[in-house]
Structures are given as C-alpha cells and as structure tokens.
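All remarks here apply to the structure that follows.
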Amino acid sequence: VSAKAYQVKGGSASLQVPAAGCAGSSVPAHVNVTGILDSFVVTYGSTTVRNQTDFSINLPSGTGTLPVTLTYYVCGTSFTNNTSINYYASAPSGPSPAVSSIYDCPNAPRQFQVSLPTGYTSFVWKVNGNSVDPSSTNHPLDYSWIPPAPGTYTISYDATYPCGTVSGSTSYTVSPAPL
C-alpha cells in the first residue's frame, strides 16, 4: 500500500508597518502569511523585498509619505495590498490626549488616553507640567489619575522618538462636589 501527500495551495498575506516614522531611520515590517502561497513581494521606492516575513524599511529624508505595496501570488493569481508610512524630518505635533471619568466626583479617577505610532523610546504623562510618576519614563498610553482637588489642570505628554519629541496637551476642569 502506498500513499501520496498533496499540498493544495491557497492562502493570503497582509503587511504590518508602523503608521509613521522619522526620516532617514529604519522601521520594522512584517508580512503575515496564512496558508500556502507561491511567493510574495514587498516594494517601496526602488527597493524590492522577496519572500521575507520580517525585514526593515529604510525611510527617505525630508518629510512625506512612502507608499508600500505587498503583492502575493496564489495558483498563478496575484493579489495586492497597498499601505503607506508617513515620515518626518522632525517629530510632528501629537494629538491632544483624551480625559474621561466614569463618575464626575472630584476624587474619582480620570483616565488619560492617547493614540500614537509605535517607535518611541520613552513616554511621560504630565499634570501641570509635572510628571505623574517621576521615577518612570515609560508610562502607559492609558493612565489612571486621581485629581488632588477641584480645579483646572493641564494634561500633557511627551513621547520621545529618534527624531525628536512628540507632545500634546489639553485642559481639564474638575468640578467641586455638588452640595
């Protein structure tokens, strides 16, 4: 009795890259492959990367947007996914942080939140210019803070990237407890 094994090709691929990076730096790229493909190719600028799931993308100088294309082949048919990476000669201004609370009591915790591209080497939350935790330079992007008293506070952050610091701030008022 003899048996033969057959591989039936069929699958897909997706490209994972950061949304932004610093000009002249390298950013990580990953191709997630599901199933069995004939081959796949990633192209950006004049560079072509073939059949590598993990590699680095070298960003140009200046400020702009770098298109990145993934093409994969299954049974002779090609499929294309397009994405892009924004790159900056210096760190851009960041989005304003969001501040929220489930309960509007003066001593109820407030949640600080901000969405930033990966690649920063440190991240610090500040209240009125002072770090919420001076012993750490890696605060989470989602942080819980308890106001010390009613009043208006400036909530800000500094995220350090290889090309500079991304910062953002917002003003938030904590009302006194109702009588």
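The values are calculated or read from the model by the stated rules, or taken from the named source; none is laboratory data. In this text the structure is predicted, and so the values were computed from the model without any measurement. For neighbour counting, all protein chains shown are included, and Cβ atoms are generated from backbone atoms with ideal geometry for every residue, glycine included. In case anyone asks, the SASA skips ligands and DNA or RNA and just uses the protein heavy atoms, side chains included. Shrake-Rupley method; radii C 1.70, N 1.55, O 1.52, S 1.80 Å.
What number of residues within the stretch 35-63 are surrounded by 11 or more Cβ atoms within 10 Å (Cβ to Cβ), within 19 Å of ALA20 (Cβ to Cβ) and touching a residue at least 24 places away in the same chain (Cβ under 8 Å)?
9
Touching a Gly at 6+ places or on another chain (Cβ under 9 Å) and either buried (at least 17 other Cβ atoms within 10 Å of the Cβ) or over 30 Å from ASP38 (Cα atoms) (or both) - does that describe any residue in the stretch 140-152?
Our first condition is that a residue be touching a Gly at 6+ places or on another chain (Cβ under 9 Å); within the stretch 140-152, this holds for none.
No: the stretch 140-152 contains no residue that is touching a Gly at 6+ places or on another chain (Cβ under 9 Å) and either buried (at least 17 other Cβ atoms within 10 Å of the Cβ) or over 30 Å from ASP38 (Cα atoms) (or both).
Hey, among SER25, SER14, SER101, which residue is of a type in the set (S, T, N, Q), in contact (Cβ under 8 Å) with a residue 24 or more places away in the chain and closer than 30 Å to HIS139 by Cβ? Walk me through it before giving the result.
Values: SER14 fails: closer than 30 Å to HIS139 by Cβ; SER101 fails: in contact (Cβ under 8 Å) with a residue 24 or more places away in the chain.
Only one candidate qualifies: SER25.
Which members of the stretch 107-132 meet the condition of being assigned to a loop (DSSP other than H, G, I, E, B), within 17 Å of the chain's Cα centre (by Cα) and not small (Gly, Ala, Ser)? Explain how you work it out, then say what you get.
Here is the first cut: in the stretch 107-132, the residues assigned to a loop (DSSP other than H, G, I, E, B) are 107-109, 114-121, 128-129, 132.
Okay, now just the ones that are also within 17 Å of the chain's Cα centre (by Cα), so 114-121.
Hits for the stretch 107-132 are VAL114, LEU116, PRO117, THR118, TYR120, THR121.
Among the listed residues SER90, SER101, identify the single one that is more than 30 Å from LEU59 (Cα to Cα), at pLDDT below 90 and among the small types (Gly, Ala, Ser). Lay out the reasoning, then the answer.
On the way: SER90 fails: more than 30 Å from LEU59 (Cα to Cα).
That would be SER101, the only listed residue that is more than 30 Å from LEU59 (Cα to Cα), at pLDDT below 90 and among the small types (Gly, Ala, Ser).
Of the numbered conditions (1) touching a residue at least 12 places away in the same chain (Cβ under 8 Å); (2) in a strand (DSSP E or B); (3) open to solvent by 60 Å² or more (accessible area, probe 1.4 Å), ALA159 fails exactly one; give the number of that condition.
Failed condition: (3).
Return the only residue of SER171, SER135 being among the hydroxyl-bearing types (Ser, Thr, Tyr), exposed (fewer than 15 other Cβ atoms within 10 Å of the Cβ) and part of a strand (DSSP E or B).
Of the residues listed, the single one that is among the hydroxyl-bearing types (Ser, Thr, Tyr), exposed (fewer than 15 other Cβ atoms within 10 Å of the Cβ) and part of a strand (DSSP E or B) is SER171.
How many residues, within the stretch 8-37, are modelled with pLDDT of 90 or more, farther than 14 Å from ASN51 by Cα and either among the basic types (Lys, Arg) or not in a strand (DSSP E or B) (or both)?
Here the count works out to 1.
Being open to solvent by less than 60 Å² (accessible area, probe 1.4 Å) and modelled with pLDDT under 80 is the filter; apply it to the stretch 113-127 and report the residue that is nearest to GLY24 (Cα to Cα). If you could, list the steps in order and put the result at the bottom.
Residues of the stretch 113-127 open to solvent by less than 60 Å² (accessible area, probe 1.4 Å): 114, 116-117, 119, 122-127.
Checking which are modelled with pLDDT under 80 leaves us with 117, 119.
Details: PRO117: 17, GLY119: 14 Å.
Taking the candidates together, the pick is GLY119.
Just to check your reading of the model, which residue among TYR87, TYR73, TYR103 is surrounded by fewer than 16 Cβ atoms within 10 Å (Cβ to Cβ) and part of a strand (DSSP E or B)? I'd like the intermediate steps shown before the answer.
Numbers: TYR87 fails: surrounded by fewer than 16 Cβ atoms within 10 Å (Cβ to Cβ); TYR103 fails: part of a strand (DSSP E or B).
It is TYR73.
Return the residue satisfying two criteria in turn: it lies in the stretch 65-93 and is free of Cβ contacts under 8 Å to residues at least 24 places away in the same chain and in contact with a strand residue (DSSP E or B) (Cβ under 6 Å, 6 or more places away or on another chain), and of such residues it is farthest from GLY35 (Cα to Cα). Walk me through how you get there before you give the answer.
First, pick out the residues of the stretch 65-93 that are free of Cβ contacts under 8 Å to residues at least 24 places away in the same chain: 65-67, 77-78, 80, 82, 84.
So of that shortlist, the ones also in contact with a strand residue (DSSP E or B) (Cβ under 6 Å, 6 or more places away or on another chain) come out as 65-67, 78, 80, 82, 84.
Details: THR65: 31, LEU66: 29, PRO67: 26, SER78: 15, THR80: 16, ASN82: 20, SER84: 25 Å.
Among them, the one singled out is THR65.
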